[in-house]
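Novice: Can you read through this structure? Questions will come right after.
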Amino acid sequence: MKKLNNENHSPTVEKSIWKRGKRGSFVAAILGIFIFSLLTVYIISETGKEREHERYVQAEENIQTVYKEMGENLQNTAEGELLKPIEDSKVKSAQSSLEKVDTVSEKEKKKLTSMMKEIKIYNDTVPEANKLQTTIDDLNKILSQDTFDEKLEEKLSLLKREISNKLKEFDQLQNATLKAFISKQYTAQINNLEKEFKNYIGVQEEVQALKKMASEQSVGTQEFEQKAKEVMSQVNQLSNKQMAVMMEDEINKAKAEFQQLMAEAAEKKRREEEMLAQKQREEQASKPKEVNSSGTVSEEKEEPQSETGNPEDELYPLEFTMTGSDGFTFKMSRDFNKYKAGKGYDDIARKYGARFYYTPSSDMSYVIIGRKFIATVSLVSGVDVEYKDLFIDLMTFKSKKYTREQFAAIVDKVIESGEPYKVEEGSGGEILSVENGWLRYDVW
């Protein structure tokens with residue numbers, strides 16, 4: 001009976017069991033879907049965060065690379081050099097990478113945004129900064145090239161105002177590093193320019209005063225040479241070497257003019273004294289002759305000339321002195337044992353019936369006929385066009401740079417055209433010019 005009961009289940013019981021199993025499977029399925037969804041959302045979220053972090057890292061790397069380049073440009077730009085801009089492609093790439101960063105913290109993004117802003121300010125400022133440097137370079141050119149430009153001071157004042165206004169604009173920059181660079185780089189140059197300009201004006205005035213002394217012969221030789229030495233010392237302290245060379249040339253010209261005018265004044269005085277002596281002799285000769293006690297006329301006895309006297313030695317003694325218009329006496333010498341190069345000049349002078357003399361302890365020397373100066377030989381040499389052949393021989397011997405034929409061609413061209421012949425080589429050079437029939441040859 002029990003066996004029969006076990007084999008024959010009740011339909012109601014079986015149905016109940018089936019329902020319970022189906023409900024469990026459904027719950028399990030729902031639970032599985034829920035868990036899968038949660039996992040999916042988590043994975044997607046983490047993947048998004050990872051990608052966002054990668055975009056931030058990429059943006060940070062791009063911006064820092066450009067920012068570093070900006071800093072290196074500011075640090076490595078030497079005084080007087082132009083500032084290098086950052087390539088637009090690099091700036092655009094850095095900006096683009098920043099725009100792709102969205103969900104990072106406000107603090108992190110603000111840092112990158114601030115760096116990007118400084119980079120843009122830098123690139124916007126570069127053209128203005130370089131324009132400022134160009135203006136400073138123009139100032140330097142004016143000081144070095146337009147040394148005796150009458151409007152020099154006006155030009156400098158105008159450019160200085162322009163630079164000052166531009167620096168005020170730069171003071172508004174928000175980037176402290178860039179602001180410091182602008183102030184240090186350009187303010188220092190402007191201060192140096194102003195200092196150099198003041199030195200230039202002072203030295204220029206001293207040079208002009210020296211030239212005035214030379215032309216007016218207002219001081220004696222010793223005082224003039226001392227003044228020339230002092231002015232030359234000031235010139236040597238100028239930082240602009242091109243300007244210093246130009247001013248040194250002016251000083252040498254003043255010295256040559258001083259010596260030339262002094263020699264001419266001495267020659268003029270000699271002629272006046274000679275004319276006065278001649279007049280006195282004529283007056284003496286015209287006086288009635290005295291009658292002595294015996295009734296005969298007494299005659300002046302002529303002093304016999306020295307039998308040993310050499311007319312050439314009398315006309316061209318080894319040394320003699322001349323007195324300038326200032327009353328200062330200077331020596332003329334042809335002692336070629338002390339100045340051996342003078343012998344070569346003297347041999348040339350003799351071909352033209354002249355002699356060569358030099359002033360000891362000076363850079364001046366002359367070619368004279370009798371007591372007439374016909375040529376000067378120095379850093380500034382000169383001669384009347386009438387004696388151009390003598391001049392060609394003298395200068396060819398002096399410079400050793402040209403053959404006689406080469407220098408003669410240069411001289412003839414200058415005389416015919418009236419245009420100077422000028423050559424500059426580094427800090428040296430030469431100018432050959434003609435004015436009012438006078439050939440002048442400057443060498444420095």
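The values are calculated or read from the model by the stated rules, or taken from the named source; none is laboratory data. These numbers were taken from a predicted model, which means no experiment stands behind them. Here the Cβ is made from the backbone with ideal geometry for all residues, glycine too, and neighbour counts use every protein chain on show. All accessible areas refer to the heavy atoms of the entire protein, side chains included, with ligands and DNA or RNA removed. Shrake-Rupley method; radii C 1.70, N 1.55, O 1.52, S 1.80 Å.
Novice: Would you mind telling me the share, in percent, of accessible area of the range 161-220 contributed by carbon and sulfur at probe 1.4 angstrom?
Specialist: 48 percent
Novice: Could you give the length gained by full extension between S361 and A209, i.e. 0.36 nm per residue of separation minus their alpha carbon distance, to one decimal place? Before the final figure, lay out each step's value.
Specialist: Values: separation 152, 0.36 × 152 = 54.72 nm, distance 2.35 nm.
Additional length available on full extension: 52.4 nm.
Novice: Next question, about the same structure. Which cross-chain or sequence-distant (5 or more) residues have an amide H under 5 Å from the amide H of T77, H modelled 1.01 Å from N in plane?
Specialist: The list, which skips near neighbours in sequence, is empty: none.
Novice: Taking the alpha-carbon centroid of each part, what is the distance from the range 162-241 to the range 329-370 in angstrom?
Specialist: The two parts, judged by their Cα centres, are 41 Å apart.
Novice: Another question about this same structure. Only Lys, Arg, Asp and Glu count, each charged at its Cβ (+1, +1, -1, -1), so figure out the dipole size of the range 348-444 about its Cα centre, rounded to 20 debye.
Specialist: It works out to roughly 540 debye.
Novice: Could you tell me whether the range 144-245 comes out rounded, prolate or oblate from its Cα gyration tensor? Rule is a ≥ b ≥ c as square roots of the eigenvalues, rounded for a/c under 1.5, then prolate if a/b exceeds b/c, otherwise oblate. Working shown, then result.
Specialist: Working: a/c = 4.58, a/b = 2.78, b/c = 1.65.
Cα axes put the range 144-245 in the prolate bin.
Novice: Over the range 314-444, consider all pairs of different Cα atoms and compute the Kirkwood hydrodynamic radius from their mean reciprocal separation; express it in Å, one decimal.
Specialist: 15.5 Å
Novice: Rounded to the nearest 10 Å², what accessible area does T329 show when all protein chains are kept and the probe is 1.4 Å?
Specialist: 70 Å²
Novice: Within the range 209-247, find all residues whose amide N lies under 20 Å from a label point positioned 7 Å from the Cα of K195 along Cα-to-beta-carbon.
Specialist: Taking a point 7 Å out along Cα→Cβ of K195, the residues of the range 209-247 whose backbone N falls under 20 Å are 233-245.
Novice: I would also like to ask the following. Remind me, relative contact order of the range 314-444 in percent, using alpha carbon pairs under 8 angstrom and six or more residues apart?
Specialist: 15 percent
Novice: Would you mind calculating the gained length between R161 and K340 on full extension (0.36 nm times residue separation, minus the Cα-Cα distance), in nm to one decimal? Display every interim value, and only then the final one.
Specialist: Working: separation 179, 0.36 × 179 = 64.44 nm, distance 5.78 nm.
Between R161 and K340, full extension yields an extra 58.7 nm.
Novice: Right, next: List, in order, the whole-Hz ³J(HN,Hα) value for each residue of the range 154-168 obtained from phi through the Karplus relation with A = 6.51, B = -1.76, C = 1.60 and θ = phi - 60°; use x for Gly and Pro.
Specialist: The phi angles translate into 5, 4, 5, 5, 5, 5, 5, 5, 4, 5, 4, 4, 5, 5, 5 Hz.
Novice: Hey, can you rank 136-142, 243-249 by average C-beta count inside 10 Å, highest first?
Specialist: Ranked from most to least packed, the peptides come out as 243-249, 136-142.
Novice: Can you list residues whose amide H is under 5 Å from A375's amide H, if they're 5+ apart or on another chain and H is modeled 1.01 Å from N?
Specialist: V367
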